[in-house]
Amino acid sequence: MSEKATDETKPIVAIIREQNNKLKVQIEKVLDLAGLESRKSVMDLQLTDFRPNLLSLATSFSKLSNLENIDFEYELQDGAYWILCEPNHLENAINNLLDNAKKYSEGKPVIRLTAVTKGNQMYVEVKDNGIGIAENELKNVFKKYHRIISGDLHKVRGYGLGLSYVKQVIRLHKGKVFLKSKINEGTVVTIKVPHQ
């Protein structure tokens, strides 16, 4: 009897763990964002070849894609991507874009990650076939706590912090974020960071 009860509680324990981890990630985002905004969190920028970091992100997301039936491809230009960066924050920002591409897709997500260096800039682009964003919403997407009204907000969990965090991180790397989107056609987010 007790053995059966233990088996029945396993899925509940897994759900609680998953929700606990999600809450932890959201709390960390709030704290990171608050630190960045108040400048209490000082960016320790280091000269880094960021290509191995991108390759690691892409490889990890590729493994997840195989499990979750996502059509994911990536293309990274050859050569070193020397940039002044805080690797953890920059990785988190790009990971957030990949996560958004997955969350805001209906049917089978198709996601592409590309990275190139041109002149003195590194460009990283995340493109998806998701639900898209209405033109009148584009000006608000980087605002803290803002969530777009297209799609099923109850289906997609979040607090409207992701893109605000991305923008702050890229700004502190002296870079820029560009977003293009059309309803039912998908979204393309490009980040540009100075290349050494």
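Between Val116 and Gln46, what FRET efficiency comes out of the Förster formula 1/(1 + (r/R0)^6) with R0 = 25 Å and r the beta carbon distance, rounded to 0.05? The partial results should precede the final answer.
Numbers: r = 22 Å, r/R0 = 0.87.
Using R0 = 25 Å, I get an efficiency of 0.70.
Please give the length that would be gained between Gln196 and Arg171 if that part of the chain were fully extended, namely 0.36 nm times their separation in residues minus their C-alpha to C-alpha distance (nm, one decimal). Mind showing how you got there, number by number?
On the way: separation 25, 0.36 × 25 = 9.00 nm, distance 1.67 nm.
Net length gain for the segment: 7.3 nm.
Given the protein chains as shown and a 1.4 Å probe, how many square angstrom of Leu76 are accessible, to the nearest 10?
20 Å²
For the pairs Lys108/Lys192; Lys118/Lys143; Lys108/Lys176; Lys103/Lys182; Lys63/Lys176; Lys118/Lys167, flag any whose C-alpha to C-alpha distance is greater than 23 Å. Numbers along the way, then the final one.
Values: Lys108/Lys192 28 Å; Lys118/Lys143 29 Å; Lys108/Lys176 30 Å; Lys103/Lys182 16 Å; Lys63/Lys176 29 Å; Lys118/Lys167 21 Å.
The answer is Lys108/Lys192; Lys118/Lys143; Lys108/Lys176; Lys63/Lys176.
Sort all Cα-Cα distances of the stretch 77-123 into consecutive 10 angstrom bins from zero, then give the percent of pairs in each bin up to the one containing the longest distance.
21, 44, 28, 8
The values are calculated or read from the model by the stated rules, or taken from the named source; none is laboratory data. Being a predicted model, the structure only gives us computed values, none of them experimental. Ideal geometry is used to build each Cβ from the backbone, glycine not excepted, and the neighbour counts take in all protein chains shown. Calculation scope for accessible area: heavy atoms of the full protein, side chains included, ligands and nucleic acids excluded. Shrake-Rupley method; radii C 1.70, N 1.55, O 1.52, S 1.80 Å.
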